[in-house]
Amino acid sequence: MENIGIISYGANIPQFRIKTEEIASVWGKDGKIISRGLGIQEKSVPGLDQDTATISVESARAALRRCNIDPQDIGAIYVGSESHPYAVKPTGTIVGEAIGATPDLMVADYEFACKAGTAGVQTCVGFVKADMIKYGLAIGADTSQAAPGDALEYSASAGGAGFIIGKDDVIATINHTLSYTTDTPDFWRRAERKYPSHGGRFTGAPAYFKHISNCATRLMEKMQTKPEDYDYAIFHQPNGKFPVNVAKKLGFSLEQVKQGLLTPVIGNTYSGAAMLGLASVLDVAKPGDHIFMISYGSGAGSDGFDITVTDKIKDLKIENAPLVAEMVEDKKYIDYGTYAKYTDLLYWE
Amino acid sequence: MGGVARFWREIPQRYNLIGNKCEECGQVFFPPRESCPKCRRKSMGKIKEIKLTGKGKIVTYSIIHVGPEEFEEQVPYPIAIIQLDEGPRITAQIVDCDIHDVKIGMKVESTFRKIQQDGSTGAIYYGYKFIKRK
Amino acid sequence: MREVAVIGIGITKFGELWDKSFRQLIAEAGSKAILDAGIEGKEIDEMYVGSMSSGRFVGQEHVGALVADAAGFSHMHIPSTRVEGACASGGLAVRQGYLSIASGMNDIVVVGGMEKMNDVGGNDATATLATAADQEWEAFFGTTFPALYAMIATRHMHEYGTTKEQLAQVAVKNHANGAKNPYAQYRREITLELAMNATTVAYPLGLLDCSPVTDGAASLILCAADKAKKYTDKAIKIIGSGQGSDSLALHGRRDICTLDATVHAAKTAYKQAGITSKDIDFAEVHDCFTIAEICAIEDLGFVKKGEGGKAIDNKITTLDGSLPVNTSGGLKSKGHPVGATGVAQMVEVTQQLRGEAEARQLKDAKIGLAHNVGGSGATCVIHIMEAM
């Protein structure tokens, strides 16, 4: 059987953090209660000079620093995000140029709410399997926006991760991937609008939980596995509560979820969320570890992945780029005023 | 800063620190030169493109408190002249560190950031800034 | 090569001159110089005018013709050429006039320098001044013009132990001189405490380490020295003219703390004059920032490299010091209408050598030097003058 999977990976999380309590205090809410309710203590905030393109480039460069591939052998780049810096003009071309992968290269930007990054992984897997490219680069990154005072303001954050997909010398084999998709308007942002809208509690049961559960069940059916067969499980994480609840419902333990759960300390990085979770797991994974990952994108769909870590992970020069845990710890707190400046809330005619 | 072409033609330098090297005397240039100022005509046809590593150290710096319009929101921010390991010196911002930590001799490495933009409707220009070397 | 003398000078008030236009300023300075020299319009062979950025400051290029027109010479069709070298534009215009007479081509040349900087807002003025830096490799990345000199200061402090107080003392001295100059923008003394505690513009430089944004113009009438007597008995000879260039970007220089363009221009000018730096009695140097004056007195050879700060401590450069520097108040206090500065410096040197400097008059000043810099040191032009 062909061995298709992850050749290398890299992540990027901006340095700035704002605490849930700091945001809550501006709106006259009880920060402790909100923090406990959402399971989010603080979230990452992009600096004025950071956006989805810079996060994507830094993630891709980190992935390249850890392996020995020639960027010219990368035949496709897909950047998934709901905060591409341009509405029209790809982020992927910036990445391609910045890592030296142009010009014999397929590029497109993806948007599927929070699962655009994993959709890119699936595309790369397909192209590699079809022998159309040697390597593909899939990135999920966001500097997600939330309207001031909206519930999303406590979670919408910034970060991303990139995965180089290839054949043979893979550090982790993607045994299988499938998706579960319906038309469910739980969360959206209309063209030319700055902030997203959402269906409140409708984003829960009929959206997040339904799609993740169905995708997970179908993947385990296909792979003939049970939750206890996996060492790690990663679920999309819009807050700290949903992924833990869906894991429990499916029969996974908190122990399996913990390593891939970053939202409590960096917030929801949208397209970056499941991808950063996977990067965090690979940072500590050992050969033979079995990983279960389900992303979720509003609108709505879930991508499921069954992954096995290989011996090659020992050859990865992981020290050539910062670990996810190191980036989580490398932080600088800002107050709401600075946050407002950094996230362009202060604008005038 | 003028039209997009002016930025676009410098993308190899701004994104990837592509300089060049005189194979006659070995001197490295950034930005690239058409000929070597030392070897003059002997360098013709012997200038080879090279990618710089982006590692270097601070030669001198300033902390800008009154910035140009496009950089006003970032003040106070450090700007420095950096001696790259390959030899050339360049001017760039130092980011992701306390402004009081910036010192002459500090080891730095390049990172990819947004440098400026032509307002909210114009093109976004990316390029190098430097961070403290980990 | 023929010898060249200054036979007339003219200068406007420097400052925020809201009621004066670009053309009014240069016409005023030029008329004053022409009257001072006692020449007639028809005797003028050629004109050279320096302006750094009339195009950005007032949206007007083609200022060679504009100046001739404003002076009322358009019907005489006198050749008039604009010269540009950032903040050294004025000094370069003088050098062009000087060369045209020295070559034998012309006998009488009007030289002017002007800038009208306050017709644009602060941000536009800052952006325009930054065009003297390397746009692609310095300004693009967020460098400001003060930051370039601030980086020179940081390195100077690091290598030679120069202090923020020494920088501030330059400003204090130049304000003391400027207080005595009726044409100066800031005719007031400042205290060391005020200078030290001014708001930071680009660390380590504070607001009072920086020259201001200024409107103003200055003019000289140059004449072949052998014909000067016909017009005046107080002609001042230009005994040396030197110019040098260097990399546009500060990071391209051999040494951050040395303006090699100054070193080169000074060497040339001293050699032509047949003197050394020791023979200079006083100097107008390009103190666009306080650190620039410290570098200038080193690079001109008045003190050893690194000892500029100490020279300030020892009061060598004050009005009653052994080598007075910037008796006019310098760019710092007199003001810095960029294109006018190089010409205005020579107006001051002429006044000192003529004995017309009033409250700031030096005793026994025989040889004076004017040092005009463009950008962070990519261009330098120096003139040495002596009473005839």
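No value in this document is a laboratory result; all are computed from the given coordinates. Computed from a predicted model, the values in this text were never measured in an experiment. Here the Cβ is made from the backbone with ideal geometry for all residues, glycine too, and neighbour counts use every protein chain on show.
Here are some notes:
- Dipole magnitude of chain C about its Cα centre (Cβ charges: Lys, Arg +1; Asp, Glu -1), debye to nearest 20: 600
- Estimated from the Cβ-Cβ distance and a Förster radius of 22 angstrom, the FRET efficiency linking residue A:217 and residue A:129 is about 0.35.
- A Stokes-Einstein calculation at 20 °C with viscosity 1.002 mPa s, built on the Kirkwood radius of chain B over Cα pairs, returns a diffusion coefficient of 133 µm²/s.
- Percent of Cα pairs in chain A per distance bin of 10 Å, from zero to the largest separation: 6, 28, 37, 23, 6, 0, 0.
- Under 5 Å between amide hydrogens, built in the peptide plane, is the criterion, and for residue C:284 it picks out C:326, C:369, C:370, C:371 among residues at least 5 positions away or on other chains.
- For chain C: span of alpha carbons on each principal axis (Å, largest first): 55, 44, 37
- Cα pair distances exceeding 21 angstrom across segment C:91-225, given as percent: 60
- For segment C:1-125, the calculated P(r), taken from all Cα-Cα distances in 10 Å bins from zero up to the bin holding the longest distance, is 13, 46, 31, 8, 1 percent.
- Most positive-pole-ward Cα, A:237, A:219, A:260, against dipole of segment A:175-312 from beta carbon charges: A:237
- Counting DSSP beta bridges with both ends in the protein assembly as shown, the antiparallel % (nearest 5): 75
- The separation of segment A:197-217 from segment A:45-59, counted between C-alpha centres, amounts to 29 Å.
- Average projected area [Cα convex hull, segment A:175-312], square nanometres: 8.5
- Amide proton proximity set for residue C:50, modelled H, under 5 Å, gap of 5+: C:83, C:112, C:113, C:114
- Distant alpha-carbon pairs in the protein assembly as shown (separation over 51 angstrom), percent: 31
- Sequence-separation-based contact order of chain A, relative, with Cα cut under 8 Å and 6+ spacing, percent: 25
- Taking Cα atoms only, the orientation of helix A:52-65 departs from the longest principal axis of chain A by about 30 degrees.
- Our summary gives chain C a relative contact order of 26 percent, counting only alpha carbon pairs under 8 angstrom and 6 or more residues apart.
- Put a dot 7 Å past the Cα of residue C:310, heading toward its Cβ, do the same for residue B:6, and the two dots end up 4.6 nm apart.
- Qualifying trypsin sites (Lys or Arg not before Pro) in segment A:308-349, where qualification requires a DSSP coil assignment and no more than 15 other C-beta atoms within 10 Å, comprise A:317.
- Sorted by Cβ density within 10 Å, fewest first, the residues C:257, B:97, C:87: B:97, C:257, C:87
- Segment A:280-349 gives an Rg/Rh value of 1.17, both radii derived from C-alpha positions and Rh following Kirkwood.
- Magnitude of the charge dipole, segment A:175-312, Cβ model with Lys/Arg +1 and Asp/Glu -1, debye to 20: 580
- Cα-Cα pairs of segment A:222-300 separated by more than 19 Å (percent): 31
- The mean count of C-beta atoms from other chains within 10 Å of the C-beta of residues in C:144-151, rounded to a whole number, is 6.
- Calculated mean residue ellipticity at 222 nm for chain A: -8500 deg cm²/dmol, from DSSP H runs with n ≥ 4 weighted as -39500 (n - 2.57), summed, divided by the residue count and rounded to 500.
- Mean sequence separation of contacting Cα pairs (under 8 Å, at least six apart), scaled by the length of segment A:230-318, corresponds to a relative contact order of 31 percent.
- Long-range amide H partners of residue B:116 with built H, under 5 Å: B:125
- Rounded tilt (10° steps) of A:116-129 against the dominant C-alpha axis of chain A: 10
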